[in-house]
Structures are given as structure tokens and as C-alpha cells.
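What follows is a set of notes on a single structure, which appears directly below.
Nothing in this text is a laboratory measurement; each read-out follows from the coordinates by a stated rule. Keep in mind that what you see is a predicted model, and the values were worked out from it rather than measured. For neighbour counting, all protein chains shown are included, and Cβ atoms are generated from backbone atoms with ideal geometry for every residue, glycine included.
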Protein chains: 2
Amino acid sequence: MSESVAVIGAGLVGCLAALALSKEGYQVTLYDFRHDPRLDTTQNKNLKSINLAISARGIDALKSVDFGACERILQDMIPMKGRMIHDLRGEQESQLYGLHGEAINSINRSVLNNKLLDELEKTTAELKFGHKLARIEWTDDKQICHFAAEEDSKVPNIEKFDFIIGCDGAYSATRSQMQRKVEMDYSQEYMDLRYIELYIPATKVSKQEYGGNFAIAPDHLHIWPRHRFMLIALANSDGSFTSTFFGPKDQISDLITSESRVKNFLVENFPDIVNIMDLDDAVKRFITYPKESLVCVNCKPYDVPGGKAILLGDAAHAMVPFYGQGMNCGFEDVRILMELLKKHSGDCSSAFVEYSQTRHKDLVSITELAKRNYKEMSHDVTSKRFLFRRKLDALFSVMMREKWIPLYTMVSFRSDISYSKALERAEKQTRILKFLESLAIGILSVSSFKLFKFLARERS
Amino acid sequence: MSESVAVIGAGLVGCLAALALSKEGYQVTLYDFRHDPRLDTTQNKNLKSINLAISARGIDALKSVDFGACERILQDMIPMKGRMIHDLRGEQESQLYGLHGEAINSINRSVLNNKLLDELEKTTAELKFGHKLARIEWTDDKQICHFAAEEDSKVPNIEKFDFIIGCDGAYSATRSQMQRKVEMDYSQEYMDLRYIELYIPATKVSKQEYGGNFAIAPDHLHIWPRHRFMLIALANSDGSFTSTFFGPKDQISDLITSESRVKNFLVENFPDIVNIMDLDDAVKRFITYPKESLVCVNCKPYDVPGGKAILLGDAAHAMVPFYGQGMNCGFEDVRILMELLKKHSGDCSSAFVEYSQTRHKDLVSITELAKRNYKEMSHDVTSKRFLFRRKLDALFSVMMREKWIPLYTMVSFRSDISYSKALERAEKQTRILKFLESLAIGILSVSSFKLFKFLARERS
């Protein structure tokens, strides 16, 4: 008989894990404490979702699970080939992501989640919503999951599984239960930032320049970088944009004390959004929408020895959204786990241990890179020095091909290079760039000094 | 009416906090999930206690709470003026802690805990044992504590307080409840070490050289440093020593597979303990006693805004025992909190916030120092270079007095220098020592080169 698996959490990573295991013949039950998002339209309102950018790692993982499903799932995605920087005067500047037109792809979180659930319905996997994990009893044989009772529920609340996959996000209940069994190193860190979800509607008439009802170019990730805070916008297939404001907690608390303050703030700092956003709606969202926090989570190990349980996605490595890698990394978790299960002929015990040992350095690298990228998005993209170094980076990449690859390219477009390897190579490249910069400055100083001396002599 | 306080945890720090608050007129109730340790003799067996070393910060905090009580409480402590290093041949070498005979003081954990409870009985504080904190309801007015029911208990299980002091150790239930209310940065890290409690009995006849029934010098902290593992021993007032073995997890798991392996290991590595320890008892403890883990905890902030709750001691900063500062730092927490309450005229809200803001850097410093000190105790103390640098350190200290103070002195004997200041000053001093070392090596090389040339010339 095939092994039974409980996947806890029907978010993006949980759905993909369930799909992958189900395709491999495991007897999968997918649990979530929420109701089925496809039925409950009120939940689908994006009060707190940042649009997703799916890139190479995410797409490769989807393909590795099911090529056909991947094509169906990703048909609505919108390629974004670069960042569009909006300055204070409303001017726009395109900064391409790759040298060869590589793109990351905007996709709406709930659209993607629902499509994954639809694909899952085609398999033997069972979906159980409204099931909140309360406790896991760890035994040598089966792992016994206790789910908190729902008032109107008649389903049995205790079920046994061969193993458990925890995909229940940053505040994972599975992880808490694992910590009662395993000595787990763990850290959580809150950023001094809040985010608020805003919205740019589709234009009423189609705009020829963008080939649809988009108010601004859909093939870019739009950024209004203002150093301590920023606004971003990612296109949806219906012509609208999901937009997000990020700023320090104190600033937001100060702002939302009055509607006029918010209005003035928006008009002053993002003058061009007045043309594309309903300003009153934006003000209302600022005041009334939840101000979401951003948390980073790291832990180690990710498994309970004996192949009893493993953590994937945000439950293992919640990260800030500034590298667009949260979901991509979670999907890659699934691909790597499935590869290890295959390598160890389905022996969970060995596969989970190897996963914990080999995956950690990559997960630490990408959570760290994501944290650093807030400064890049909100500040560096406006700095001349950063742009110069970026051009040099691209030049070397053209000249040296595989021997020099820009960091963003390695992270977003090269799933064959692990996150830790990418970080390591990038640090080496940065050292070289900095050295060359100093050298250039040195040569320039000497030359100007000589020139100055020459001119002085001429004059006298 | 005076404010009501729940102190959660009747360990060392909880008792001192309850004593301090009670003396200041607060209406204190002290809770612990265990039974009264003074009644329950089976609990008092030191299966997992490392003897304590109380030093300046701990003593000053006790004195600040109650000078008389401090004298009563500390009457059984045994001063230790240095480390006694035992080498593989059984030879002993004394390394003094201070230049002026300063000493840290060995005291048995349960003796100290019971004496603190006795002092507390003299105040208006209420003691409630067998009360396990299950949940805290945070309200704008009172904080409502729910305690899990004990079968034979008829006490009410829900009680309200103005504020809560969480002193319930590394696995604090108070902290978990606070994390539901506050965005708390948090980290826990397990060391790759286990410890096992051993025992050196008092000698049958009094030994003149040590003035009592001590088998080895009571005025030293004994260390058998063996690089990857070590044994330590601290004297008790009855002539016995509490001894602790520390070693890597894997090593211990390997060892305890057979009694003869443990026996051989002990005789080989600690040849002189055969004379002072019951070897069969030690082997039995190795095999049957719990192998305790060592965890480091850091968090931030330590309080729930509005003066609702605060964490002290291990609940806020569990550290490894290698600097002998766990309890001392926890006691200092109490002193500093009481000073801040006085400064803010009893306004908890302001006092707790200031505590969180100002105490963090010190707590981070001492948890880090404690971690580093394992290498010093188990390895460095046998290194010639370390001992040379230590002598230089002492020499500078004599020459420059207040301008140069060895780190150990600042941490253990100078409660007027904060942990963070101590660490900062020590890092500067180490940089100077290292520079002087390089300089000396440089001068020596040049001189020997010249000497060599001179000799070569003479010869030819």
C-alpha cells in the first residue's frame, strides 16, 4: 500500500507539494484551516496580498511536477522584462533585468492558488478545508494529527499518517509541533516596515501603446523609490495593477491620523499616480486596510528524524518580498524534495535528513538576499554609482559569458545555480568591481594631478 | 490600592523579582508549575543542575533588594579565587581570576532557591505552586492569567493582575503568550553539546590542607579541559563537589553504549578523578542520567506595551553556563528594572519600554560572551599563547589601572561596567595586545636575522 501523507496548508507551496506527491503515487490529504478559497469570494479580496513574480526556479519546479499543468497554470502570467523607475517629476526610466530579454512574470496570487487547487482535484489527493492543526502525536509508527473541531463539522478530528509535510506559512503550527520533538534552531525577525495593498484599475478604453487596458506598461515592475519608503505595482491580466506601499511603521502611524495628510503625502511623493489610481480609494485603503508586517523566519533542521515530518516554503524560511523569491524558493523546495525522495527510492528518513543538511545554506542565502534588496529597490536604483556598477556588471557578463553572471540573473533566471552559490559568486564579483572602481578613481586622480601640474607650468 | 503583580516562575530570578516588588509595596503572587521545592525532596536531587557561581552583579542585586537577606542567603557560599586546571597526568595548575584576590562564589542552586523562598515567606507575597500558566488574555485594564487545572486543585484558575513578570526560563510560557500580542524578534540556538551531572563526595576525614572535608581545593573552580569536551567541579559547603561533564552530542551517544566504554573514557581522560570520585557511580550517571541540552535564547522587545508584562532572566536571555553569568545577569535584570520603576515613579509603561530599549545591547553581549567562553574553558586555558596574552593583559592592568581592565574582571567583579561596555573595551584591548604581539614577533625576526648575518660574517 502506498504511504499516506498529510500536507498541512493549502497555499501555493502546499498545493504544489500535494500535487507532486500525489503524482508519485502517495496517498495525499491536503489540510487548511481556511475555507476553500474558490468558494469563498470574500476571502479572495486582496487586502493583504502582494502580487507574485514567478521566475525560473518556480517555473522549473512546476514543470518538474507536471509539464501540462504548468502550461495551463501559467497561461495568464504577464512577463516583466525590467523595472520601471518613476521619479518625483513623474518621469519613467526602464532598467532591464537581463541582457537577453529575460523576464520575471507577474501573476495574481489567488488566481495561481485556485488553479493549483483545480489541478489537484484531478488527482487522488483529498482536500480538507476548515481543519486547523492543533497537535501532532509523534510515534515510532504513524504520526497522529489532531485537528481542532469546527462547530458544524462531522468529520473525524484525529487522523494518522506515515509522514507530514508542513507548508503552513510563517506562523506554522506544524513547526511548533515539530519543536516539541526536535531541538530546532529558530529565529524570527520583524522588519521595521508595514505594507498596504493599493490598486490601479484597468483603463476604460484600450490603450494601443500597451496592447490592452493597462494604464502603464505591463511589461515592467513599476517602482516609485523614495529611499525610506516606496510604492510598487505589478500588472494583472485584466488590465489592472496590484500596487503595494511599503514604509516604516512610525511613518505610517503618523500619516493615517488624517485623510488629508495621506492625500497630500500621495500627491507629493507619487504625482503621476493621480492619473492612474483612484486617489480617494487609495486614501481609504491607507486609513482602513490592515497594515501588514513583514517577518523573516529561519530554522534548522527542517525535519523530524525518522522521516516523520518536513517543513517547506514560508514555514521553513519566510522572507521579505523584495527579491520576488518567496514562492519561487518554496516551489524549488518541492522539486528538490521530490528529487531526493527519488534518489533514496522513497526512503523518507534519508531523503529528509539530506534535505535538511544540504538545503540550509541556500535558504539562509536567499532570506538574506531578500532582506538586502529592500535598500536596492527603494534607494539604490536611483543612485548613479549603483547604475554605473550595474553597467560594468553587464559589460563583464557580455565579455566573459558563463564566468561572470550578474546576481539578479543567477537568482531569477538560472535555477541551475543554487542560491548559496549565486551569493558566493556575486560577492566575489562585487569585490572585483569595487577594486576596479578604486583603481579607476586612483588613475583619474593621478592624471588630473599631472594635468593640473602641466597647466600650472604652462601658465607660469 | 497597591498594584497587583503576577510573577511567573519561582526559580532564582522569579523569587528575587517577587521579593523586590513585594518590598516596594506591590501586591505580589508568585506562580510555579512545580511543587514547592522545599517540601518535595525528590525534586531536589541535582540530576540536571550545574552549580552556580555568584559574582559582583548577583551580589549587588541581592543587596539592592535587601541587605540583611543577602547576608543570610549568601552565608554558605564558597569563594573561588581562580581556575584549577587538571592536565592529563593529574597535575594541577592554578590560574587566578583577579589581580587582587577577587573571587566568584560557589553556591548550590537549590540551597539558594530555597533560601530565597524562605525570605519571600516573610513578606506579603503569596506563593502558588502547581499552577501552570496556560494563557494570558491581554486587556486595556487588567491582564487575565489562565492556569491549567490540577486534578486535586480547588483554587480558582483565572486571576487578574495589573502586570506580569515572566521569569519562567528558556521555554517560557509567558513569552509565548506575549508573542501573540507583540511583534517580538526571537531566536533560539542549540549548542552541539550535552551535559551530565556528576558528583565528588566529601572525604570521610577532614583534610587539613583545605580546612574541611574537601577532596580538592574548594577555593578554585576545577577544570579538566580536553578541547572538544571538559569536566568541571564546584565545591559545596558540605565538602562535596557538584561536577559536570560537557561534550558533543555524538561523542556522548557513542560512549554510553556500554559501561566499560564510559569507564575507560573517564580513567583515560581524567586519571586523577579516580581518587576523588566513585567511579561506578560516575559510570551509572553517564548511562542513566538525563543528557541535558544547552540552548541560547535572545528576544526583543522584552515588554508588552502599556506596562502589561516584561520578561526577566532566562525567559529573556537563556545563555550557556560558561561565563557563570546566567543567574548574575538575571539578578541584575531585577535590580535594573526596580531602578527604572523608581525613576519613573512606578509608571510601568515607561519603565518597561526604557528597560527594553536600554537593556538589549547588554543581554546580547553577555549571551555572546558566554558562548565564546566554552572554547576558553575547554581549550584556550591549556594554550601557551593564551596564557602569555593573559599575563600581558594583567601587566597592563597593573600599569594602567582603570584604563585597562581584563574582560573577566569587568564581567565578574565590576557591576558598574555594563556587559556591552565590557565587551567593547575588551575588543579594543585585544586589538592592542594582538598588535603588540605582531610587533614583538617582527622585532624578534629582524634581530634574529641580524644575529644570523653577524654570525655568518664571523664564521667566514
Q) From the label point of A:E24, set 7 Å along Cα to the beta carbon, how far off in nm is each other copy's matching point, shortest first? A) 5.7
Q | FRET efficiency, 1/(1 + (r/R0)^6) with R0 25 Å, evaluated for A:Q95 and A:E71 via beta carbons | A | 0.25
Q: Please order B:K453, B:K308, B:K384 by the number of other Cβ within 10 Å, starting at the fewest.
A: B:K384, B:K453, B:K308
Q. Other chains' Cβ within 10 Å of A:177-186 residues: what's the mean?
A. 3
(Q) Using a label point 7 Å beyond Cα on the Cα-Cβ vector, give me the inter-copy distances for B:F449 in nanometres, one decimal, shortest first. (A) 2.8
Q) Which order results if A:W404, B:W224 are arranged by neighbouring Cβ count within 10 Å, fewest first? A) A:W404, B:W224
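Counting Lys and Arg as +1 and Asp and Glu as -1, each charge on the Cβ, what is the dipole of chain A about the Cα centre in debye, to the nearest 20?
Here the size comes out at about 2040 debye.
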Q: Restricting things to alpha carbons, find the Rg to Rh ratio for the protein assembly as shown using the Kirkwood radius for Rh.
A: 1.01
(Q) Using Cα-Cα distances under 8 Å and only pairs 6 or more residues apart, what relative contact order does chain B have, in percent? (A) 18
Q) Taking the convex hull of the alpha carbon atoms in the stretch A:1-145, what volume per residue do you get, in Å³? A) 161
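Dipole size in debye (nearest 20) for the protein assembly as shown around its Cα centre, Lys and Arg Cβ +1, Asp and Glu Cβ -1?
3880
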Q.
For the rotation taking chain B to chain A, which residue of B has the Cβ nearest the axis, and how many Å away is it?
A. B:S187, 2
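For the stretch A:300-418, with only Lys/Arg (+1) and Asp/Glu (-1) charged at the beta-carbon, what is the dipole magnitude about the Cα centre, in debye rounded to 20?
600
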Q) Size of chain A along its principal axes in angstrom, Cα-based, largest extent first? A) 97, 49, 41
Q.
Distance cut-off 28 Å, Cα to Cα: go down the list B:K291/B:K361; A:K122/A:K204; A:K375/B:K361 and report the pairs above it.
A. B:K291/B:K361; A:K122/A:K204
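For the protein assembly as shown, what does -39500 (n - 2.57) per DSSP helix run (n ≥ 4), summed and divided by total residues, give at 222 nm, in deg cm²/dmol to the nearest 500?
Calculated at 222 nm, the ellipticity per residue is -14000 deg cm²/dmol.
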**Q.** Nearest-ten-degree value, helix B:109-121 long axis tilted from longest Cα axis of chain B
**A.** 30
Q) Points 7 angstrom from Cα along the Cβ direction at A:V364 and A:S448: gap in nanometres? A) 4.3
Q: Starting from the Cα of B:Y171, step 7 Å toward the Cβ, then list every residue of the stretch A:170-207 with an amide N under 20 Å from that point.
A: A:172-188
**Q.** Selection from A:M399, A:L387, A:S418, by position along the positive dipole direction of the stretch A:371-420 (Cβ)
**A.** A:L387
Q. Under 5 Å between amide H atoms, partner at least 5 residues away or on a different chain: which partners does A:Y289 have, H built in plane at 1.01 Å?
A. none
Q.
To make sure I understand the rule: partners must be aspartates and glutamates, Cα under 19 Å from the Cα of A:K128, and not fewer than 8 residues away in the same chain. Which ones qualify?
A. A:E3, A:D32, A:D36, A:D40, A:D118, A:E119, A:E150, A:E151, A:D152, A:E159, A:D162, A:D168
Q: Quick one: divide the alpha-carbon radius of gyration of the stretch B:87-166 by 2.2 N^0.38 Å and tell me what you get.
A: 1.91
**Q.** lysines with Cα under 16 Å of A:K142, excluding same-chain neighbours fewer than 8 positions away
**A.** A:K160, A:K181, A:K308
Q. Counting other C-beta atoms within 10 Å, which of B:R431, A:R226 has the fewest, and how do the rest follow?
A. B:R431, A:R226
Q: Return the FRET efficiency for the residue pair A:Y190, B:D347: r is the Cβ-Cβ distance, R0 is 25 Å, and the value is rounded to the nearest 0.05.
A: 0.45
Q) In nm, to one decimal, how far is the modelled label at A:K160 from the one at B:A148, with both set 7 Å along Cα→Cβ? A) 2.5
Q | Stokes-Einstein D for the stretch B:205-319, Kirkwood Rh over Cα pairs, 25 °C, 0.890 mPa s (µm²/s) | A | 144
Q | Exceeding the 30 Å Cα-Cα cut-off - candidates A:K300/A:K343; B:K63/B:K249; B:K23/B:K428 | A | B:K63/B:K249; B:K23/B:K428
Q: Quote the convex hull volume per residue of the stretch B:383-459, based on C-alpha atoms, as a whole number of Å³.
A: 100
